[in-house]
Amino acid sequence: LGFILFSIAHSGIIVAILFLTLGLRMRPTFQSLWRAFLGVQVYAVVTVLLNLWLGTNYGYLLRKPARPSLLDFLGPWPWYIVSLEIVGLALFFLFYTPFAITDRLRKRSDPAELG
């Protein structure tokens, strides 16, 4: 049951992103990548504080899971958190790439931009 709830919740994030991007025509900007990354940092700090207060390990921020996972490839604690941050930032830029290419192509083809 836990796997199903986890999958539904995380799939909902993807559905929301697709709806906002395709349905409402909202899109990321280069500056929004950094705001989102800052938001992840704030979320992580709050989560660590709550984990310490509640004696939990949400997000595996205090230790790796007991069972083998992909985190095992990213180094020991706390270095795997730094590795995850680098991977996350790289993914932000990777997912932004189609929007950056579209912006560049539009800028080239817009006669008003030519001068």
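The values are calculated or read from the model by the stated rules, or taken from the named source; none is laboratory data. Everything numeric here is computed off the predicted structure, so don't read it as measured data. Cβ atoms come from the backbone with ideal geometry, glycine included; neighbour counts cover every protein chain shown. Just the protein is used for accessible areas: all its heavy atoms, side chains included, with ligands, DNA and RNA removed. Shrake-Rupley method; radii C 1.70, N 1.55, O 1.52, S 1.80 Å.
Worth a mention:
- Residue among Arg25, Arg35, Arg104 with the largest mean-square fluctuation in a Gaussian network model of the chain, springs linking Cα atoms under 10 Å: Arg25
- Solvent exposure of segment 1-74, expressed per residue, is 83 Å² of accessible area, with all protein chains present and a 1.4 angstrom probe.
- Only the Cβ atoms of Lys and Arg (+1) and of Asp and Glu (-1) were treated as charged; on that basis the dipole of segment 10-113 about its Cα centre amounts to roughly 140 debye.
- Largest mean-square fluctuation among Trp77, Trp53, Trp34, in a Gaussian network model of the chain whose springs join Cα atoms under 10 Å apart, belongs to Trp53.
- Atom-type composition of the exposed protein surface of segment 1-75 places 77 percent of the accessible area on carbon and sulfur (1.4 angstrom probe).
- Segment 9-115: equivalent-ellipsoid semi-axes (sqrt of 5 x gyration tensor eigenvalues, Cα, Å): 36, 16, 13
- Note on Phe30: accessible area approximately 100 square angstrom, rounded to 10, probe 1.4 Å, nucleic acids and ligands left out.
- Alpha-carbon centroids, segment 27-60 and segment 65-88: separation in whole Å: 16 Å
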